[in-house]
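Peer 1: The structure is given below, and queries will be raised subsequently.
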Amino acid sequence: MRKQLVLGNWKMNGALAFNARLIEDLMQGIADGDSGCEVGVCVPFIYVAQVGEALGGSTVRLGVQDISAHTEGAYTGEISAKMASEFGVSFALVGHSERRIYHHESAEIVGVKALRCLEAGITPVVCVGETLDEREMNETNHVVERQLTAVLDCLGVEDATRIVIAYEPVWAIGTGRSASAGQAQETHAFLRQVLDTRSSSLSDVPVLYGGSVKSSSAADLLRQSDVDGGLVGGASLHAGELAAIVAAMPRRTSQAR
Ligand code: PGA
């Protein structure tokens, strides 16, 4: 059965006092609601130690928003997967559209980053998604397939069983305009097809949806059969919102795909 997952992406937000409060409220907010779904927060690197300590023995997992494509050495400003794993990081976003667009990360670099994560025991959350122009030109499937294939080519099947995918249409990120549940389901089903074509052993790779997910839209999106959870940006800066999104995650029975 595919894992269900809700991850917050703080992006470049936070401050020591704000983070302490947010984590405390979040741990309280989701403590009672055992939804059977894993929860994590992807924080700026500089807060990894603070948030890791604040999370303590909580079930909320610690994540980061990027990782270096290099293992170590003369790469000023970079942080390796091995360094992150020493601080208890379990997830790393790779290929977020803000990195692809503002930092010119190629599909191949994203594949190498995913590989570095796996080598260090970190789960890479591979983000894929099309721009508005690409959607309007009917290129969504082509774009997400190319982005995913570059990562799968870099990893090989065995390693690829350990990734998570996040479908994040670029036009839905931070715009308040989420994809409709139908649009999300359609692309998720296509991504499942790409995985199946590569290998039947990739059938348990979770595919999350991201892009303006809020508590008000979560239930509709998360109930789609090929949507295994959410990657939540803006709303994850409000503990109550993230907790409500986690609570909206439908429980799956073992019969569910
Ligand atoms: P958003 O961001 O929820 O603020 O749209 C999602 C993301 O970029 O991961």
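Peer 1: Return the residue satisfying two criteria in turn: it lies in the range 220-247 and is open to solvent by 30 Å² or more (accessible area, probe 1.4 Å) and hydrophobic (A, V, I, L, M, F, W, C), and of such residues it is modelled with the highest pLDDT.
Peer 2: Out of the qualifying residues, it is Leu237.
Peer 1: When the residues of the range 73-103 are filtered to those that are at positive phi and within 19 Å of the chain's Cα centre (by Cα), which remaining residue is most open to solvent (accessible area, probe 1.4 Å)?
Peer 2: Gly88
Peer 1: Then there is this: For residues that are surrounded by fewer than 18 Cβ atoms within 10 Å (Cβ to Cβ) and among the charged types (D, E, K, R), scanning just the range 175-197, find the one that is nearest to Lys214 (Cα to Cα).
Peer 2: Filtering first and then ranking leaves Arg177.
Peer 1: Answer yes or no as to whether Thr59 is hydroxyl-bearing (Ser, Thr, Tyr) and either touching a Cys at 6+ places or on another chain (Cβ under 9 Å) or over 24 Å from Met27 (Cα atoms) (or both).
Peer 2: no
Peer 1: So, of the residues in the range 196-220 that are acidic (Asp, Glu) and outside any loop (DSSP other than H, G, I, E, B), which turns out to be farthest from Cys37 (Cα to Cα)?
Peer 2: Here the residue is Asp196.
Peer 1: Out of the range 157-168, which residues are touching a helix residue (DSSP H, G or I) at 6+ places or on another chain (Cβ under 8 Å), within 16 Å of the ligand (Cβ to nearest atom) and outside any loop (DSSP other than H, G, I, E, B)?
Peer 2: The answer is Ile165, Tyr167.
Peer 1: Could you grab me the full set of residues in the range 130-156 that are open to solvent by less than 10 Å² (accessible area, probe 1.4 Å) and either more than 16 Å from the ligand (Cβ to nearest atom) or not acidic (Asp, Glu) (or both)?
Peer 2: Across the range 130-156, the qualifying residues are Val143, Val144, Leu148, Val151, Leu152.
Peer 1: Only residues in the range 4-22 that are within 14 Å of Gly52 (Cα to Cα) count as the first member; pair them with residues that are among the aromatic types (Phe, Trp, Tyr), Cβ under 9 angstrom, at least 6 apart or cross-chain, and list the lot.
Peer 2: Pairs that qualify, where the first residue is within 14 Å of Gly52 (Cα to Cα) and the partner is among the aromatic types (Phe, Trp, Tyr), are Leu16/Tyr47; Asn19/Trp10; Asn19/Tyr47; Leu22/Trp10.
Peer 1: Quick one: His70 ticks every box in (1) closer than 19 Å to Val232 by Cα; (2) surrounded by fewer than 16 Cβ atoms within 10 Å (Cβ to Cβ); (3) not basic (Lys, Arg) except a single one, so which number is it?
Peer 2: All conditions pass for His70, except number (1).
Peer 1: Oh, and also: Name the single residue, out of those in the range 104-125 being charged (D, E, K, R) and either in a helix (DSSP H, G or I) or open to solvent by less than 10 Å² (accessible area, probe 1.4 Å) (or both), that is farthest from Ala84 (Cα to Cα).
Peer 2: Glu108
Peer 1: Pairs, please: C-beta under 8 Å, at least 6 apart or cross-chain, first residue in contact (Cβ under 8 Å) with a residue 60 or more places away in the chain and within 17 Å of Tyr47 (Cβ to Cβ) and in the range 77-97, second assigned to a strand (DSSP E or B) and β-branched (Val, Ile, Thr)?
Peer 2: Phe91/Val64; Phe91/Thr123; Phe91/Val125; Phe91/Val164; Leu93/Val64; Leu93/Val125
Peer 1: For the range 191-217, give me the residue count where each residue is within 13 Å of Leu5 (Cβ to Cβ) and within 16 Å of the ligand (Cβ to nearest atom).
Peer 2: 6
The values are calculated or read from the model by the stated rules, or taken from the named source; none is laboratory data. Everything numeric in this text was worked out from a predicted model, so none of it was measured. Counting neighbours? That spans all protein chains shown, and the Cβs are built from the backbone with ideal geometry, glycine included. Accessible surface areas use protein heavy atoms only, side chains included; no ligands, DNA or RNA. Shrake-Rupley method; radii C 1.70, N 1.55, O 1.52, S 1.80 Å.
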